[in-house]
Amino acid sequence: MTPPRGRTWGRRGRTPVVQVRGRGSGRVSMAGMTCYKPGERSRMFYAVREYNGRKDQPKGFGWRDFRDLLIRARIQLGGPIVLVWDNVRIHLTAPLREFIAANADWLTVFQLPSYSPDLNPQEGIWSLVKRDIGNLAAANLAQITRAVKRRLKQIQYRPDLVDGCLAGTGLVMDG
């Protein structure tokens, strides 16, 4: 729960200081996809997972979570999906590759180069979320999770922000 650095206003001559505990009490993981179709508004699908450090709790997202996110997107979009993925290790696992091969009729996957966050529009979304919670002084992990979900929901209803993240990559869509 070490907070990201942020700037804020304070009284002249007094630096505002927010005290936080130094021990980590968990993490908030986010997975998402931005969807673009010429002539239609941009869409975003996401999932948020909170990890409290319990033994039986997964630390992050597994291949089934990504599979479920893809299925949810297909149901809501109602058509084939062309997926452009970064090379996160979980995206390259055998069960996920088998799922992609089994659903090749509606799912086409292209891999981005090894390390290219500048080509991934979803990185722009994560940047917007992190910028928003930069000055949050959360007392517990649940407050951070609520703030992240609230900001993602706000972005989800602003297709101009999602379009801006695509424009920030410099990629163009051929319609």
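The values are calculated or read from the model by the stated rules, or taken from the named source; none is laboratory data. Model, not experiment: these values are computed from the prediction. FYI the Cβ positions are ideal-geometry reconstructions off the backbone, even for glycines, and counts take in every protein chain you see. Side chains included, ligands, DNA and RNA excluded: accessible areas come from the protein's heavy atoms. Shrake-Rupley method; radii C 1.70, N 1.55, O 1.52, S 1.80 Å.
Summary table
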| read-out | value |
| --- | --- |
| Residue among Ile90, Ile100 that alone is assigned to a helix (DSSP H, G or I), open to solvent by less than 60 Å² (accessible area, probe 1.4 Å) and modelled with pLDDT under 90 | Ile90 |
| Some residue of segment 49-68 being modelled with pLDDT under 85, in contact with a Pro (Cβ under 8 Å, 6 or more places away or on another chain), open to solvent by 40 Å² or more (accessible area, probe 1.4 Å) and over 20 Å from Val129 (Cα atoms) | no |
| Some residue of segment 11-32 being modelled with pLDDT of 85 or more, part of a strand (DSSP E or B), within 26 Å of Ala94 (Cβ to Cβ) and aliphatic (A, V, I, L, M) | yes |
| One residue from Val84, Val129 being part of a helix (DSSP H, G or I) and under 15 Å from the mean Cα position of the chain (by Cα) | Val129 |
| Options Gln76, Gln111: the member that is within 19 Å of the chain's Cα centre (by Cα) and surrounded by 12 or more Cβ atoms within 10 Å (Cβ to Cβ) | Gln111 |
| Matching residues, segment 38-48, being open to solvent by 60 Å² or more (accessible area, probe 1.4 Å) and within 20 Å of the chain's Cα centre (by Cα) | Arg41, Arg43 |
| Lone unmet requirement of (1) part of a loop (DSSP other than H, G, I, E, B); (2) under 22 Å from Val162 (Cα atoms); (3) in contact with a strand residue (DSSP E or B) (Cβ under 7 Å, 6 or more places away or on another chain) for Gly60 | (2) |
| Index of the failed condition, Ser127 passing every other in (1) within 22 Å of Lys153 (Cβ to Cβ); (2) in contact with a strand residue (DSSP E or B) (Cβ under 7 Å, 6 or more places away or on another chain); (3) exposed (fewer than 15 other Cβ atoms within 10 Å of the Cβ) | (2) |
| Within segment 132-145, considering residues that are free of Cβ contacts under 8 Å to residues at least 60 places away in the same chain and surrounded by fewer than 16 Cβ atoms within 10 Å (Cβ to Cβ), the one farthest from the chain's Cα centre (by Cα) | Ala139 |
| Among the candidates Arg158, Arg151, residue that is under 15 Å from the mean Cα position of the chain (by Cα) and open to solvent by 30 Å² or more (accessible area, probe 1.4 Å) | Arg151 |
| Neighbours by Cβ (under 9 Å, 6+ apart or cross-chain): first from segment 63-74, closer than 13 Å to Trp106 by Cα; second open to solvent by 80 Å² or more (accessible area, probe 1.4 Å) and at pLDDT below 95 | Arg74/Pro80 |
| Criterion violated by Asn135 - all others in (1) in a helix (DSSP H, G or I); (2) farther than 20 Å from Glu40 by Cα satisfied | (1) |
